[in-house]
Structures are given as structure tokens and as C-alpha cells.
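Asker: The following block contains the structure, expressed as C-alpha cells.
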Amino acid sequence: MTLENFRQGVSMMPRRYKQLILVVFDVIALTFAVWLSYLLRFGTFFIPNSEQALLMVAAPLIGLPVFIRFGLYRAVIRYLPDKAIWTMIQAVTISVILWVCLAFLTLMTGAEGVPRAIPFLYWVLSIGIICGSRFGAKWLLWSALRDKLMARQCLIFGAGDAGRQLANALRSQNEVSVAGFIDDDRSLHGMDILGIRVYPTQHLETLIDNFGISELIVTTSSLSGIERRRLIGRLKALDVKVRILPAISDLTAGKYLVSHLRDIDIDDLLGRSPVPADPTLLDKTVEGRVILVTGAGGSIGSELCRTIVKLAPAKLIVFDVNEHSIYQLQRELAGMTDCVIVPALGSISDASLIRALLAEHKVENVYHCAAYKHVPLVEENVVEGARNNVIGTDVLAAMSQQAGVRNFVLISSDKAVRPSNVMGATKRWAELIVRHQGDIAREQGTGQIFASVRFGNVIGSSGSVVPLFREQIAQGGPLTVTHDDMTRYFMSVREAAELIIQAGALSEGGDILLLEMGEPVRIRDLAENMILLAGLSVKDSSNPDGDIEIVTVGIRDGEKLHEELFYDPTGVGSTSHTKILRAQRRSNAADHLPDAVAELQLLIERRDTEGVRKLLYERATS
């Protein structure tokens, strides 16, 4: 067996087997370290007596629980950070101290027991063996794969002629690395073709987890249409993009079949490069803190949670009114992190619940994503939209200020600028409420930060047009746009999540931060691009034989032709992040806000729809 085959074999092992190997190694290593300590102390070959042998056996029995407590068996070796060496030294030191205590409590001292030099030698040897074994394994097993892992990883379904030609074509591209072939032919399993291992279909999930697979490329000869649909159904729960290649020439064209498409290529849709995150800003306000995310079951809230758990918080509380979404999110996050995940059900307008939640968990950061944001639905349900988006925000912000929350970040919308619909007006009210709480914190000198983050549409979110277009394409069309000239700003959900976190680090309190989002995207162009990315054609007067038609249905109530990000584009300042801006404060924006919120609350209790609507617009546009 070659070293490369050995590396791949180890990488394919189930995680529990790898952990078992580490445990067995540590048992042998710690026992050997004690024996070697005696050998070095006496300078001659050492045969222990019965008491000394028992003491040697006790070393791993004491060490293993300590190592488990310090998480030495939870770490993934290939991603082991350099700072993990300090955790290992602490674990070894504590285990040695406990072992020494056991030795002296059992009165096994003296030349035939435990000479005073033995604990020091055992400590040094244990650190060398434990730390050296982890980092040695990381270097031996994964250093050769590092360059491959840095590239986008893919699997090729089908090890026939088409699959082999595809693998050769991909080798000329540095961006893509073929991790393996998948094939149902048992005679090929375990073989290397073009230096690439062939795996059975049942190993698919394991390969995706262990190699970070982002794409699965299926050759036309390997699967029938029915088999492909079954495969896609199996991959729905996995973060994998599936590409179908009818011919090698289609590889560079990037033609996707929509029925097999799990996600749309963000760069193609946005026409801009994603804004890179600043790692120092991401870590600054999350690491080691207790975090609360409201609306965690939504598209933005759930992506925010996925981003947060990668930044090592002490605890993450996922809060939502939707039971199923929280259940699914908790299951997903539990497989991504060792931090404590607390699911919490309820409404943000429930003051007693919010107060108890903040106090019980000593929450330090609040990221407020919970909101009704579908424009037509909120337009039809004015009272409930105001109750949730305005009163809920007021309750949450006030309770957070009283509880001493360090960072409060509201997720706002470009529809809050000169709002033409109820949803936008409620978001503007929410911005003013957060600014008001920031002013209170500043006046009291608490050091608390209250900020709003304003951005455009998020591709793939529940309120975005992209899922609607995707559904319409899957049904054969037509795609519906409200106006041929309508434009919107777009960003990826990952960018949105990272921006929200960075805003907490950049805010000076009571301000509004927003992303420089480039040029707005014409919605009709977006519809045409999605049709083309699906490998289909637009049906119009110039192409009557096309696949899918685009129909203009007219602007809905409350919709704008063009959205804005700023009230005054000339009054926008910069921050330390080149792509994050700070909106200039309007001096009278939050005047008399508490009285306005109280008045709105009375109108909501009376279910005075027109009164609520009128007050929302008066205060939001004043």
C-alpha cells in the first residue's frame, strides 16, 4: 500500500474509529512514558515491580478522563490549530499532577517507588509524545493533501470513458480538484484510475464530509434520468452542487439542468465579487460570548448562526416562533460545533419571556433578525406587522439595554429608506428604536453598543425573488416580473451574515451601517440569467421556440421601482472596513419616540388598521 493510499484510507475511516485509535495510542503512550521515565532515571534497563507496574497502568486511567474533558478527542486532526498545543500542555500537566498525587497517597515513594525526578521526566515525555503525535499525524496525513483541499473539491459520478476524460480536463484547472470517482461497478471499487480512487455509492456521504466536497459532476453515461432524480433526492440535505455533463464541451459552459440544481452561482447572479470579511472583526465580538439570535429559523438568521458557531462562542441561543425550523437548525448546528446550543421558542414581543431569557443565560450579544418581511403579506396584515416588527423590536431592545447586553445589532432593509410600504415603515421604526436605546446607553455611560445593519435583498432568502424564479423554472415557466425596469440590490446570504457580525465590532453606538453593494441588478436581467444558467433559453418575440417565457405582471402595492440604501448619499462616512459604510445621523430622527411607540401600542390593541398605517408612515417619513 502506498503512502497516498494509506492517507486516503485513514481519511475515509469513520470519525469514531479515528477517536478510538487516538485513545488506544494515548493509553500505550502514557504507559510507555512512565516506563521510559524510570529507564532514564536509573540509566539501565528497567523491569518494574508489581506496585510500579500498577502505577504505570494508572497513568492512562488518570490521563484519559482529563484529555476528554479538555476536548483532545473532539479536535479534527487535519484542522488542528497551532494554539491547540497549549490545551494539550494543560491537559498533560493536570494528568501528571493527579498521577503524582496518587503515587504519594499510596505511599509508593523512594528508590523502588517514585523517585522525585520521575514526575518531571514523565511530564516532559508526555508533552512530547501527545503533542508530537497530533501534529505529526497532521503533517504526515494531511500536508500532502493540503494543496488539493485548498481547491474546490468535486466527485465524478461514473468512472467510464466520459468520467476519465472529464478528470483529465479538470486537471488543467487549478480551481478544481477531483477527490474521487463514484461508481456502482464493484469490480472497480478500490482501484486507482488516473491516480484517483474509485469508491462505491454508499460511501458518498462519508466522502462529502471528509473531503469537503462542494460539487458532484455526473456523466451522462453513468446514470439514467430516474437514477439521477433519486440521487438528487438523496443529496438534498447535503451542501453539494450537482452538475450534469451531457458532453465534455459543456464543462466550461457551466450549463446546469434546473431539476438537478441545488443552488444558483452567486457570482453569476450578482455581477460582482463577494465582499471579503475581516477575520479580526468577525472574532472580536463573538469568541467566548453568549449569543442570542432572534428569527434564527429564517434564511438570514440560520446562516448567521452557522457563521457564529465557527467563531467559538461560549453559548448560542437560537430563538424563533417556528418550532420546526428551530428543531432542524439545532440538529444541524449540533453537528458543526461543540458549543452549547439552546433552542428557545416564543415571540419577541413577549417581554417577560425575553427578560427571563436574557437574565438566565447572561446574554452578551443580540442579533435581531426576527421580522415579518414579505411586503405584500405585511401590507395585508398591518396590525400584526407593526406588533412584531415595531413593538417586538422595542421590547427586545429595551430588555437588552436593561439586562446589560454588550452588543445589539438589528437587521434592517433598504426598504426602510423613504418607505413606500408598511414593511419598510416598520423597519424604519425599528432603526429609530435601536438608535434611541443607543442614545440611552451613551448617556448612562454603560458602554453598550446598539446598531442597525441595512442592506438590500439576500439571494436565496425566503423573501427573495430567486427562490420564486427557481420554482417557476422547475415548473416550466413563465417567470413573472413586476416591471421591466425594476432594479434591486443583491448580496449573498453568507455576506449578509458576516456583515451583521462585523457591524457589532465597527459600530460606535446608535448608528446604521451598510454595505457598499455596487450597482443594482435589473430584475428582468436576473430572470434571464437564471434561465440561461439552467441550460434553457428565453422564449420571446425574437426566439418564439425558446423554453421559458418572462411575463410582466405590474408593480404591486407598496413596491418601488428602485430601492435606495441612503437617505442622503452625500452624508455617508467610511469605516475601517473598505466596503462597510456608516450613514450620517439625522438629528431629529428619534425625537419623541417613546410617546410614538406608546401611541402605536394603543392603536394595535384596538386593531385600528388605518390608524396604525397612518402613524407608521407619519413617523417613518418625518
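Asker: Once both labels are modelled 7 Å past Cα along the beta-carbon direction, what's the residue 25-residue 610 spacing in nm?
Answerer: 7.6 nm
Asker: Something else: Name the long-range amide H neighbours of residue 539: under 5 Å, sequence gap of 5 or more, or other chain; modelled H, no Pro or chain starts.
Answerer: Those lying under 5 Å, H to H, from residue 539 are 547, 548, 549, 550.
Asker: Quick one: which residues, 5 or more positions from residue 157 or on another chain, have an amide H under 5 Å from its amide H? H modelled 1.01 Å from N in the peptide plane, none for Pro or chain starts.
Answerer: The list, which skips near neighbours in sequence, is 182, 217, 218, 219.
Asker: Where does each of 61, 216, 616 land when they are ranked from fewest to most other beta-carbon atoms within 10 angstrom?
Answerer: Working: 61 14, 216 24, 616 27.
Ordered from fewest to most neighbouring Cβ atoms within 10 Å, 61, 216, 616 come out as 61, 216, 616.
Asker: Let me ask something additional. Can you compute 3J(HN,Hα) from phi for each residue in region 193-206, using the Karplus curve 6.51 cos²θ - 1.76 cosθ + 1.60 with θ = phi - 60°, rounded to whole Hz and x for Gly and Pro?
Answerer: Couplings: 10, 6, x, 10, 6, 9, 10, x, 4, 5, 8, 4, 4, 5 Hz.
Asker: So who's got an amide H within less than 5 Å of the one on residue 370, skipping anything under 5 residues away but keeping other chains? H placed 1.01 Å off N, in plane.
Answerer: Residues meeting the amide H criterion: 294, 295.
Asker: Given labels modelled 7 Å from the Cα in the Cβ direction, how far is it in nm from residue 618 to residue 73?
Answerer: With each label point 7 Å from Cα toward Cβ, the separation is 6.7 nm.
Asker: Also, I was wondering about something else. So, in nm, how far is label residue 50 from label residue 440 when the simple model puts each one 7 Å beyond its Cα toward the Cβ?
Answerer: That separation, rounded to one decimal, is 7.4 nm.
Asker: Shape of region 416-497 from its Cα gyration tensor (a ≥ b ≥ c, root eigenvalues): rounded if a/c is under 1.5, otherwise prolate when a/b > b/c, or oblate?
Answerer: prolate
Asker: If a/c stays under 1.5 just call it rounded; otherwise compare a/b with b/c (prolate if a/b is bigger, oblate if not). Do that for region 385-544, with a ≥ b ≥ c from the square roots of the Cα gyration tensor eigenvalues.
Answerer: Prolate is the answer for region 385-544, as a/c is 1.5 or above and a/b outweighs b/c.
Asker: Taking R0 as 51 Å, what FRET efficiency do you get between residue 601 and residue 475 from their Cβ-Cβ distance, rounded to the nearest 0.05?
Answerer: After rounding, the FRET efficiency stands at 0.75.
Asker: Using the structure shown, select from 83/362; 284/315; 373/614 the pairs with a Cα to Cα distance greater than 26 angstrom.
Answerer: Where the Cα-Cα span goes over 26 Å, the pairs concerned are 83/362.
Asker: Can you tell me the order of 293-302, 182-191, 366-375 when each peptide is scored by its average per-residue count of other Cβ atoms within 10 angstrom, highest first? Intermediate results must be reported in sequence, preceding the final value.
Answerer: Details: 293-302: 26.0, 182-191: 14.8, 366-375: 24.0.
Result, highest mean first: 293-302, 366-375, 182-191.
Asker: Which ³J(HN,Hα) values in Hz, rounded to whole numbers, follow from the phi angles of region 329-340 under the Karplus curve 6.51 cos²θ - 1.76 cosθ + 1.60, where θ = phi - 60° and Gly and Pro get x?
Answerer: My calculation for region 329-340 gives 5, 4, 4, 5, 5, 4, x, 9, 8, 9, 6, 6 Hz in order.
None of the figures in this text is laboratory data; all of them are computed from the coordinates on show. Everything numeric in this text was worked out from a predicted model, so none of it was measured. Note: ideal-geometry Cβ built from the backbone for every residue, glycine included; neighbour counts use all protein chains shown.
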